[in-house]
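Asks: Sharing a structure with you now.
Any read-out appearing in this document is the output of simple, stated calculations on the displayed coordinates, not a laboratory observation. Remember, it's a predicted structure, so these values are computed and weren't measured experimentally. Please note: Cβ atoms are built from the backbone with ideal geometry, for glycine as well, and neighbour counts cover all protein chains shown.
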Amino acid sequence: MLDIRQFGAVPDGKTLNTRAIQEAIDTCSRDRHSGVLIQAGIYLTGTLYLKDYVTLHVANGATLLGSGRIDDYADDTHKNMYKNESHMDRCLIFARNATGITIEGNGVIDGQGGQDVFPNPVDPQKRRPMLIRFLECNRIRVRDITLQNPASWTSAWLYCSDIAVDGVTIRSRVNANGDGLDFDGCRDVRVSNCSFDTSDDSICLQTSRPDAPCCNVTISNCIFSSKWAGIRIGLLSRGAFENVAVNNCIFRDIDDSGIKIQMCEGADMRNMIFSNLIMVNVPRPVFLTLCRQRACVDAPEQLAPVGSIRGLVFSNITADSRMCGKDSALIFVGHPDHAVQDIVLDHIRLQTGGGWTWAANPEKLPDLDPDRLAGWWPEYECFKTTVPCHGIYAEHIAGLTVTNSVLETAAPDNRPAIACHHVTHAHFHNVTSLGGISATIHMNGQPALNRKVAP
């Protein structure tokens, strides 16, 4: 491997080593060396460009440290694809149209992105670089590395294919928008054995181009903690989503949602399985919405037609949300003109705090009106009301199956365990409510089934 010190890099945490490290990368790519070695020490740098067939090896005890000066970050590293967020266009590590690139090692890549270095005011001119951005790259491997302290997102992967991320630790709490792994229009993605502690979504699947679908994705054996969502699918949703499997993961101390699905820019979603998941202190283990919104910076001003969601399976999920208050539930809300199709929930055990009473809330529980989702982003707070159940809420769904599930409250609760509005082709089998006072299932505001659906 080419040692960056041979090119003049100084591991003192103060000397700017951008030129030396880039020369090592360029030489490695041109002459087909086995990789670029970053030995123990702290190496300060600005934007680096990864090239074909380069393995960047950050050794144990080494830190690649992002500069605290925005002028050390290049302005030709593509852009953030969300509207009104151009202040996150720059990045530390960038690759365009590269093949066979790897970032590995037991060392650290640190963005030095705290708000004392890169403040996060309302002013969009106060730029905050991302840590990594890959654009239209193929055969990418990232393994065993620690990625920490980005000033905004940890990574953005745009229109890439054949991706494997394994054994990576991401810590991104020092600033806002601290996403972990954002895959936009990517294909053949495998994420495994990773740990996330993020200030925003830990993993995002999204599609900013209609011609670049997000497909063939597996996420397994990961641990998530986040101030927002564990895994979010959509929001940027101009292209299709299909063939996604999430399994054997733990979600803990999530402030918003464990699995968040937001289809709003006209595309179609199908064929997804979420299985063998444990969620602790997660208010909404699943939050799904289908609506109309413009999220992408390149999308036309006119809103796209409503897209579709169909063929989603959630199985073997244990969720303990007893400390999260009365808004804890699994929520599925389609569009009045486009129902979400074929949702299956099997072997779900949900524990919530409960405690909602008619005495304290004499008004009728309102539906979660999907028309309210036309605001800035389709988030739960847009509903401006308490979820009208203590377990599962479904609205505008065509085909809902709930089997072998237990919905339990810590305190007695007057709401039904399951509330359905404008739901057709619903099937319930072996569903039990524990701690609820109302009937287990309400259909269109009326009790439909008692406290236990017998096998």
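Asks: If you stretched the chain out fully between Ala359 and Ala410, how much longer would it get, using 0.36 nm times the residue separation minus the C-alpha to C-alpha distance?
Replies: Here the segment from Ala359 to Ala410 would lengthen by 16.5 nm.
Asks: Set Lys and Arg Cβ to +1 and Asp and Glu Cβ to -1, take the dipole of the chain about its Cα centre, and tell me which of Gln302, Val431, Ser155 lies farthest positive.
Replies: Val431
Asks: So which aspartates and glutamates can Lys83 reach, going by Cα to Cα under 20 Å and dropping same-chain residues fewer than 8 places off?
Replies: Asp75, Asp123, Asp179, Asp182, Asp184, Asp200, Asp201, Asp211, Glu265, Asp298, Glu301, Glu379
Asks: Turning to a different aspect of this structure: Asp188 to Val344: extension gain in nm, 0.36 nm per residue of separation minus the Cα-Cα distance?
Replies: On the way: separation 156, 0.36 × 156 = 56.16 nm, distance 2.48 nm.
Between Asp188 and Val344, full extension yields 53.7 nm more.
Asks: Could I ask something else about it? Compute the FRET efficiency between Asn106 and Trp376 as 1/(1 + (r/R0)^6), taking r as their Cβ-Cβ distance and R0 = 51 Å, and round to the nearest 0.05. Could you put the intermediate results ahead of the total?
Replies: On the way: r = 41 Å, r/R0 = 0.80.
After rounding to 0.05, the efficiency reads 0.80.
Asks: What's the magnitude of the charge dipole for the chain around its Cα centre, counting Lys and Arg as +1 and Asp and Glu as -1 at the beta-carbon? Answer in Debye, nearest 20.
Replies: Its charge dipole is roughly 420 debye.
Asks: Going down the list Lys51/Lys227; Lys51/Lys260; Lys14/Lys126; Lys126/Lys260; Lys79/Lys126; Lys326/Lys384, which pairs span over 25 Å between their C-alpha atoms?
Replies: Violating the 25 Å limit, Cα to Cα: Lys51/Lys227; Lys51/Lys260; Lys126/Lys260.
Asks: So how far, in whole Å, is the C-alpha centre of region 30-82 from the one of region 360-419?
Replies: Result: 46 Å between the Cα centres.
Asks: OK, next. Distance from a point 7 Å along Cα→Cβ of Asp166 to each backbone N in region 109-146: keep the residues under 15 Å and list them by number.
Replies: Counting only backbone N, you get 139-145.
Asks: Loop sites only, by DSSP: take the GluC sites (Glu not before Pro) in the chain that have at most 10 other C-beta atoms within 10 Å and name the longest stretch containing none of them. Walk me through the numbers on the way to the answer.
Replies: Details: sites that count: Glu301, Glu363.
Between the exposed loop sites, the longest stretch runs 1-300.
Asks: Follow-up question, since we're still on this one. Can you tell me the relative contact order of region 10-135? Whole percent, Cα pairs under 8 Å, sequence separation 6 or more.
Replies: 26 percent.
Asks: Please sort by residue number the trypsin sites (Lys or Arg not before Pro) in region 312-397 whose DSSP state is loop and whose Cβ has at most 12 other Cβ atoms within 10 Å.
Replies: The qualifying sites are Lys364, Lys384.
Asks: Just name one of Pro378, Trp228, Ala448: the one whose Cα is farthest towards the positive end of the charge dipole of region 227-455 (beta-carbon charges, Lys/Arg +1, Asp/Glu -1).
Replies: Farthest along the dipole direction, towards plus: Ala448.
Asks: Extension gain Ser86-Lys14, at 0.36 nm per residue separation less the Cα-Cα distance, in nm? Could the numbers behind the result be given before it?
Replies: Numbers: separation 72, 0.36 × 72 = 25.92 nm, distance 2.84 nm.
Length gained between Ser86 and Lys14: 23.1 nm.
Asks: Under the rule of -39500 (n - 2.57) per DSSP H run of 4 or more residues, summed and divided by the residues of the chain, what mean residue ellipticity at 222 nm is obtained, to the nearest 500 deg cm²/dmol?
Replies: Theoretical 222 nm ellipticity from helices: -1000 deg cm²/dmol.
Asks: Can you give the angle from 0 to 90° between the axis of helix 18-31 and the longest principal axis of the chain, with both taken from C-alpha atoms, to the nearest 10?
Replies: 90 degrees
Asks: Provide, as a two-decimal number, the C-alpha radius of gyration of the chain over 2.2 N^0.38 Å, N being how many residues it has.
Replies: Taking the Cα Rg and dividing by 2.2 N^0.38 Å, one obtains 1.03.
Asks: Between Asp26 and Ile273, what is the spin-label point distance in nm, taking each point 7 Å from the Cα along the Cα→C-beta axis?
Replies: Between Asp26 and Ile273, the label points sit 4.9 nm apart.
Asks: What Kirkwood hydrodynamic radius do you get for region 196-264 when you take the inverse of the mean 1/r over all pairs of distinct Cα atoms, in Å? Each step should come with its number before you reach the end.
Replies: Values: mean 1/r = 0.0817 Å⁻¹.
Answer for region 196-264: a Kirkwood hydrodynamic radius of 12.2 Å.
Asks: Still on this model: In region 148-192, whose amide N lies under 16 Å from the spot 7 Å out along Cα-to-Cβ of Glu242? List them in ranges.
Replies: 185-189
Asks: Would you mind computing, in nm to one decimal, how far apart the modelled labels at Lys384 and Met1 are, each placed 7 Å from Cα along Cα→Cβ?
Replies: 5.6 nm
Asks: May I pose another question? Which order do the peptides 92-101, 72-81 come out in when sorted by mean C-beta neighbours inside 10 angstrom, highest first?
Replies: The most tightly packed comes first, giving 92-101, 72-81.
Asks: Give me the distance in nm between label points sitting 7 Å out from Cα along the Cα-to-Cβ direction at Arg96 and Asp253, one decimal.
Replies: Placing both labels 7 Å beyond Cα along the Cβ direction yields 4.0 nm.
Asks: Could you give the alpha-carbon Rg of region 227-455 over 2.2 N^0.38 Å, rounded to two decimals?
Replies: In units of the globular-protein estimate, region 227-455 measures up at 0.95.
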